[in-house]
1. Name the lysines eligible as straight-distance cross-link partners of Lys59: C-alpha to C-alpha under 18 Å, and not fewer than 8 places from it in the same chain.
2. Once phi is turned into ³J(HN,Hα) by the Karplus curve 6.51 cos²θ - 1.76 cosθ + 1.60 with θ = phi - 60°, what whole-Hz value does each residue of the stretch 142-152 show in order, with x for glycine and proline?
3. Using the Karplus equation 6.51 cos²θ - 1.76 cosθ + 1.60 (θ = phi - 60°), what ³J(HN,Hα) coupling, rounded to whole Hz, does each residue of the stretch 7-19 give in order, writing x for Gly and Pro?
4. Can you tell me the FRET efficiency between Ile124 and Thr146 if r is taken as the Cβ-Cβ distance and R0 is 25 Å, rounded to the nearest 0.05?
5. Using a 1.4 angstrom probe on the protein heavy atoms only, line up Lys59, Lys3 by accessible area, largest first.
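The values are calculated or read from the model by the stated rules, or taken from the named source; none is laboratory data. Quantities reported herein were computed from a predicted structural model and do not represent experimental measurements. Positions of Cβ are backbone-derived with ideal geometry, glycine not excepted, and every protein chain shown enters the neighbour counts. Please note that ligands, DNA and RNA were not included when accessible areas were found on the heavy atoms of the full protein model with its side chains. Shrake-Rupley method; radii C 1.70, N 1.55, O 1.52, S 1.80 Å.
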Amino acid sequence: MRKEEFLQILRRSLTGDVPPGVVEENIRYYDGYIAEEVRKGRGEEEVIQEIGDPRLIAKTIEDTTEVTAGSGYRDSEGYEYGGREEPRQSTEGSFHIFRLDKWYGKLLLALAVISVVYLLIMIIGGIFSILLPLVVPLMMIWLVVTVIRNIWRR
């Protein structure tokens, strides 16, 4: 793989997933690193092979990139991250968007679902444990009344 192809794949893999400044910073870094190693006498393809797959590098960069104040990054859905401005007050209230495409987001979602199911089971079990001592005597009274009515009808 040549340097231009490596940088193109890296740029395409990063675009839209991290702030544009991070994309450019990493493209400049890898471009400079490859050029420096070639100046030292190493082959371009050898250096690129040593670096590794640009898609894997992009994934690592995405996973480790934190949006910091001043970045002002807006993702493909139009949500803005970072920025130096103070949070704007809104009459509609505020909310946080949880991204579920990361492993910890999926873990939190699974734990939330399990917690809700557990809570429902506990509530239903509690209702039954309260009603059971009342329902059993009422059922017995109903059964006795029904038997007595059937006997008197004959």
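1. The qualifying lysines are Lys102, Lys106.
2. Residue by residue, the stretch 142-152 yields 4, 5, 5, 4, 5, 5, 5, 4, 5, 5, 6 Hz.
3. Calculated HN-Hα couplings, in order: 5, 5, 5, 4, 4, 5, 6, 8, 4, x, 9, 9, x Hz.
4. For Ile124 and Thr146, the calculated efficiency is 0.30.
5. Ranking Lys59, Lys3 by accessible area, largest first, yields Lys59, Lys3.
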